[in-house]
Amino acid sequence: MSTDASQFKKEDHAAIYLKNRPGWPPEIVQRSLSFLREKTAEPFQLAVDVGCGSGQNTRPLAPYFEKVIGVDVSEAQIRAAQSLENPPNVDFRIGSAESIAVPDRSVDLITCAESVHWFDLDAFFREMDRILKPNGCIAIYAYHKIRPWVEGDDVKNEQLKDVVMQLSGVTLGSYNSPGARHLFNRLADIHIPYDENIRDESLDIQYDTTMASYMDYIQSWSAYQAYLEKNPSGPDILKEVQERLMELLSSDCSPEDAKIRVRSPVVLLLGRKPQEETCL
């Protein structure tokens, strides 16, 4: 994984990530499993969640596989993942996307949830090809900057989006990792190197929260944490963002009491290793 992933080395960042990153909609896992079932019979033996962070995507795989392994380069993230009561068939391990400690041709499904932008893609895809079984699948999915959303109000939603993107792309622009461009362009430059692959943009992530919790989610961004590291006594850049969002939502209660809905489109990339061996 990119050395920029060292931004996740701090325990407090891992704790924020564990508490404030949302779970993934079940439809995403089901879509990935449906693709796998097309050419692989159950029971499924092994899934590997690469760049697993604190396990938001790892745990939902547990009911469908004999064993699930979550791999992340950050020791702090792995400790955070292990701090919860996990299913007995889930194992979290420190490791990189480019060197995954499982045998050749042993994995039914690889998942990468909001993580592929950290990888050395050429090295990762070679490792993917090494560990996948013939007809094994990879599912890569990502959202870009979950943001407040108002049902049926396109004008308001565009304004809310502008506030969040101004923070992400301008105020914090220089603190984004180089790979963040893949999130900004919705994985347009990432191509799974198998002939059988799908790009699905029909899904999204959305949930109800409070403004205070949403601001905590922003604090989990790696770019925001990088900003704090470089500017430990700098201005509170989130105060103005919160005030602007509250104004747009016409909310006059406290951030802790302000109920909001947040949303982001999800991009899902699926690929299947051929029955015959390949050389990537």
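The values are calculated or read from the model by the stated rules, or taken from the named source; none is laboratory data. Here the structure is a predicted model, which means the values were calculated and not measured. Reconstructed Cβ throughout: ideal geometry from the backbone, glycine too, with neighbour counts over all protein chains shown. Ligands, DNA and RNA are stripped out before the accessible areas are found, and what is left, the full protein with its side chains, is counted by its heavy atoms. Shrake-Rupley method; radii C 1.70, N 1.55, O 1.52, S 1.80 Å.
Here are the numbers for this structure:
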| quantity | calculated |
| --- | --- |
| Some residue of region 236-252 being more than 28 Å from SER202 (Cβ to Cβ), touching a Phe, Trp or Tyr at 6+ places or on another chain (Cβ under 9 Å) and of a type in the set (A, V, I, L, M) | yes |
| Neighbours by Cβ (under 8 Å, 6+ apart or cross-chain): first from region 160-182, closer than 12 Å to TYR224 by Cβ; second among the charged types (D, E, K, R) and in a helix (DSSP H, G or I) | TYR175/LYS230 |
| Given (1) modelled with pLDDT of 95 or more; (2) open to solvent by 20 Å² or more (accessible area, probe 1.4 Å), index of the condition PRO178 fails | (1) |
| Residue tally, condition on the phi < 0 side of the Ramachandran plot and within 11 Å of the chain's Cα centre (by Cα), over region 108-145 | 12 |
| Residues satisfying the stated conditions in region 253-262, i.e. surrounded by fewer than 16 Cβ atoms within 10 Å (Cβ to Cβ) and within 25 Å of the chain's Cα centre (by Cα) | LYS259, ARG261 |
| Unique residue being open to solvent by 20 Å² or more (accessible area, probe 1.4 Å) and touching a Lys or Arg at 6+ places or on another chain (Cβ under 6 Å) when the list is ARG105, ARG126 | ARG105 |
| Residues that are of a type in the set (Ser, Thr, Tyr) and surrounded by 10 or more Cβ atoms within 10 Å (Cβ to Cβ), drawn from region 224-252 | TYR224, TYR227, SER251 |
